[in-house]
Each structure stands twice: as structure tokens, then as C-alpha cells.
Ligand SMILES: [Zn+2]
């Protein structure tokens, strides 16, 4: 399975849109959009992608999979499921971390007794889309503070050119990377080509409405 097939699966599920004309929340324009929420509607594709994530590791050496709420809960379950299918004995557990606090004080807590699964265990951290890597980094820090050994950070998509350094020096395994190059409206090559703006995702609809009101 190569990165093109992964992209096909993600775009088939509507999770990645490419070759379009998108208006981002920032107001900048670009050609690609990542909509992870639409992936989780499709259990077959989600399972297949998580099987690929799991395939990179020696299942017998992963004790626990953990992901941050909300998407990471789904991924943690499916990745652990596929690791268990590969194990020769024992069991890989699936847990999740929850957001606590806001802004600078935001943490990723492991509660509900799941924290007891971490000390001295090999832990695989999973995340759907890395934009800045902030949430994943907090999960990694929490796992280490609890005495867990983080094996790697496995992600569906790295869209922010996040490096190992950005996530507390953890090895990142990404199924795919998406280059979200963007431009200010006045310098947008797609506007210049008069390519129609995508009104289904991002802020395209509001952008056209506003422009219509001005004209
Ligand atoms: Zn444009």
C-alpha cells in the first residue's frame, strides 16, 4: 500500500479534498482541505487505514494504544484491534486522553483508571491529523510523566510539516502528508484562473456571499 492508495482512500471518504479552490478560516486561499470528521462515518475505510497504521509495528511489543479525544478514540480502538489480530499472545489495550483546561493551561489527561495501564509499558500514540502537533505532544508528555515508554506517534496525515522535534522528540509515522500551501486572496493563482470556489467546505460560501454583497 503506497501513499497514493492512502490518499485515494482518504479522498474516497471525503476526508481529503485536493485540486479544489478553498477559502480557509484564516481568509487565505488554497487548493486542498482536510476534513477528518467525514472519515469516521465510514467504518470500513477507517478500519483499513488503522490496519495500515498498525502494520508498521511489532504487535507483541505494543502494550497500549492511546489517542486524544475525539478522533483519537476511534483510531486507538481500531489500531489496537488490528495489533491484537497480529499478536502471538497477550493483549494490546486501547485507551484515550481527554482535554483538561483551556489555552496555555490545556493538558491531555489520562483518567478513568486508564492511567494505571501506562507505567513501564510500551505505548503507541495515535492522532488523525497533525496541524501543529500540539495535542499529540501533550498526550506524549502525559504518558511519559506516568512512566510509559512512547514507541512512536502514528498519524493518518501530517498536514503541517510537523517534525519529530515538535512532538517532544518522538518518531512520527505518517500514512500521508498534505501540503496545504495557501495564498492571500489578492495573490491567489486559482482566483486569477477564475476557478470556481468550493462552497461545501471551509469559508467559501461566506466569502462569495460577502463578495456578492460588496459588488
Ligand atoms: Zn482564490
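All of the numbers you see were taken from the coordinates with simple rules; none came from a lab. Keep in mind the model is a prediction, meaning the values are calculated, not measured. So basically every Cβ, Gly included, is an ideal-geometry build from the backbone, and we count neighbours across all protein chains shown.
Consider residue 174 carefully, then state whether it is closer than 30 Å to residue 126 by Cβ and not in a loop (DSSP other than H, G, I, E, B).
Details: closer than 30 Å to residue 126 by Cβ: yes; not in a loop (DSSP other than H, G, I, E, B): yes.
Taking the combined requirement at face value, the residue satisfies it.
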(request) Among the residues of segment 180-197, count how many are more than 9 Å from the ligand (Cβ to nearest atom), assigned to a loop (DSSP other than H, G, I, E, B) and either surrounded by 12 or more Cβ atoms within 10 Å (Cβ to Cβ) or at positive phi (or both). (result) 2
(request) Collect the residues in segment 5-48 that are loosely packed, with under 15 Cβ neighbours inside 10 Å, more than 16 Å from the ligand (Cβ to nearest atom) and not in a helix (DSSP H, G or I), keeping them in residue-number order. (result) 41
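For segment 115-122, check the following and say yes or no: at least one residue is under 21 Å from residue 69 (Cβ atoms), away from the ligand (no atom under 16 Å from the Cβ) and out of contact with any strand residue (DSSP E or B) (no Cβ under 7 Å at 6 or more places or on another chain).
So in segment 115-122, the residues under 21 Å from residue 69 (Cβ atoms) come out as 115-118, 121.
With the extra rule that they be away from the ligand (no atom under 16 Å from the Cβ), the set shrinks to 115-118, 121.
So of that shortlist, the ones also out of contact with any strand residue (DSSP E or B) (no Cβ under 7 Å at 6 or more places or on another chain) come out as 115-116.
There is at least one residue in segment 115-122 that is under 21 Å from residue 69 (Cβ atoms), away from the ligand (no atom under 16 Å from the Cβ) and out of contact with any strand residue (DSSP E or B) (no Cβ under 7 Å at 6 or more places or on another chain).
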(message) Can you list residue pairs whose Cβ atoms sit under 8 Å apart, with the first residue in segment 6-29 being touching a residue at least 24 places away in the same chain (Cβ under 8 Å) and at positive phi and the second being more than 16 Å from the ligand (Cβ to nearest atom) and not in a loop (DSSP other than H, G, I, E, B)? Count only pairs 6 or more apart in sequence or on different chains.
(response) 14/38
(message) Of the conditions (1) over 19 Å from residue 52 (Cβ atoms); (2) assigned to a helix (DSSP H, G or I), residue 132 satisfies every one except a single condition; which number is it?
(response) (2)
(request) Output the residue which, of all residues in segment 198-215 that are outside any helix (DSSP H, G or I) and in contact with a strand residue (DSSP E or B) (Cβ under 6 Å, 6 or more places away or on another chain), is farthest from the ligand (Cβ to nearest atom). (result) 201
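Scan segment 97-122 residue by residue and report those that are in a helix (DSSP H, G or I) and closer than 14 Å to residue 73 by Cβ.
Within segment 97-122, 114 is the sole residue that qualifies.
For segment 57-76, give me each residue that is without any contact (Cβ under 8 Å) to a residue 24 or more places away in the chain and assigned to a helix (DSSP H, G or I).
Our first condition is that a residue be without any contact (Cβ under 8 Å) to a residue 24 or more places away in the chain; within segment 57-76, this holds for 58, 70, 73.
Of everything in segment 57-76, just one residue is without any contact (Cβ under 8 Å) to a residue 24 or more places away in the chain and assigned to a helix (DSSP H, G or I), namely 73.
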